[in-house]
Amino acid sequence: MAMGLKWIDNGLEMLCEEFGEKRVRHAIDAVKIFQVDIPGWALGSFGGGRFGGFSSPAAARNIEEKLDDAMVINNLTGCTKNFATHMLWDFSEDGIIADYKIAEKVANEAKQRNLELGAVNPTYFLAGSHMGSFISPDKKTQKRYIEQTILAGTIAKNLCNGLVTLWFPDGSLYPGQIDLKKAYERLKSCLFEAYSKMPKDIVILIEYKVFEPGTYSTTIPDWGTSFAIAKNLGSNVGVLVDLGHHHYGTNIEQIVMMLISENIKGGFHFNTRYAADDDHAVEPTPEMARIFYELVKGDVIINQNQKKNWAYMIDQASGRENRIQALVHSVDSLQLSLAKGILVETEKLSILQDTDEIISANILFNNATINADVRPIVAKARLEKNLPVDPVKAYIESGYQKKIEAERGN
């Protein structure tokens, strides 16, 4: 290894001394096999325009350019082969009706770039949904969205990785605006109708959000509501956790533990939020490390048997940064968090828990999730896959950004 990378060897030596060579090796191998979906919507012009005209530099103008950018990200990171889509942005001519033939074309375009289509997201919040989608009192609106959801299942089974994720922006702005019970029952009725006509060998994850766009009520506001609906639909339905979709300070890792304990299918939309929005790039925070600890401990990640794994996706689209750099940064943060979650010395921790050594248990836990410098682990994993040690720097130096700015002129 070149002298400039000696810090990797030195760092690994220190980590092995503290956590053991076997555990460090396990973390390296885990980083090498971890995969996460890239969100196609983050690569277009969506987002960031509510409070100004700024758009991400050289944002993709069409699905082909989104796939070009996704290919570059996958080539740099080696773990983003799956490209998540939104039905009415990626498989529609008019933003109203989705088209299977367009989805076929997109799937073929993805294959040409050594990518695959990942999670399919029906789009419930474009034209005609001002009174909601499944809670809309307008039967034509309900029917249109039910048909789109059924089509999403067919596309997921035939062209993608068999995963459909559902997020409903349905809700209200003021008390009294809608009948809360009628809205909830309308949503359940529409969802049951759609589910009854969807393939049963796909996975469906129901997302929740505490608020936005409705500021008084959201029809599926929390994990418990998603859980209840999922349990009533079928064994192939589960809960999608989006990190930004919680009250500030929510113990998300405890939600993860409960879902795993209840043996329900689960998945993640990864992002970072500081107050009430969820569009920022992922950062390797202590919270993220704690979440990955529960995922590792719960055996729902990095299994060779993919059916045992939860679904992992990034969901971000902030307006002020270079989106490609932001997505690569998110991947880096997730890999660092995974490595920290694996380094927790579970056997020692269990003994301290059983003997009620409160502070010692906390210190041991934090040694991995906060104090450990796991950058050498992630760097080693990349070197073993012939990938750049610093993918953000590699992107900047690649010249791709200048190329697409010249070509796209935006």
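Quick notes on this one:
- Taken over segment 181-240, the criterion of being in contact (Cβ under 8 Å) with a residue 24 or more places away in the chain, of a type in the set (Ser, Thr, Tyr) and within 22 Å of GLU253 (Cα to Cα) is satisfied by TYR208 alone.
- Candidate set: segment 311-365, residues that are among the β-branched types (Val, Ile, Thr) and closer than 23 Å to ARG375 by Cα; chosen: the one nearest to the chain's Cα centre (by Cα): ILE314
- Some residue of segment 201-215 being open to solvent by 10 Å² or more (accessible area, probe 1.4 Å), of a type in the set (A, V, I, L, M), in contact with a His (Cβ under 7 Å, 6 or more places away or on another chain) and at negative phi: yes
Let's see how each residue does on (1) of a type in the set (Asp, Glu); (2) over 26 Å from the mean Cα position of the chain (by Cα); (3) closer than 20 Å to ILE229 by Cβ:
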{"site": "ASN108", "(1), (2), (3)": "no, no, no"}
{"site": "SER129", "(1), (2), (3)": "no, no, yes"}
{"site": "GLY132", "(1), (2), (3)": "no, no, yes"}
{"site": "ASP138", "(1), (2), (3)": "yes, yes, no"}
{"site": "GLY153", "(1), (2), (3)": "no, no, yes"}
{"site": "LEU159", "(1), (2), (3)": "no, no, no"}
{"site": "PRO169", "(1), (2), (3)": "no, no, yes"}
{"site": "ILE178", "(1), (2), (3)": "no, yes, yes"}
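- Segment 138-157 residues that are among the charged types (D, E, K, R), paired with ones that are in a helix (DSSP H, G or I) (beta carbon under 7 Å, 6 or more apart): none
- SER235 being open to solvent by less than 10 Å² (accessible area, probe 1.4 Å), outside any strand (DSSP E or B) and among the polar types (S, T, N, Q): no
- Output for segment 374-410, where each listed residue is assigned to a helix (DSSP H, G or I), modelled with pLDDT under 95 and surrounded by 13 or more Cβ atoms within 10 Å (Cβ to Cβ): ARG408
- Test result for ILE396, touching an Asp or Glu at 6+ places or on another chain (Cβ under 9 Å) and of a type in the set (A, V, I, L, M): no
The values are calculated or read from the model by the stated rules, or taken from the named source; none is laboratory data. Because the structure is a prediction, the values reported are computed rather than measured. Note: ideal-geometry Cβ built from the backbone for every residue, glycine included; neighbour counts use all protein chains shown. Note: areas computed on protein heavy atoms with side chains; ligands, DNA, RNA excluded. Shrake-Rupley method; radii C 1.70, N 1.55, O 1.52, S 1.80 Å.
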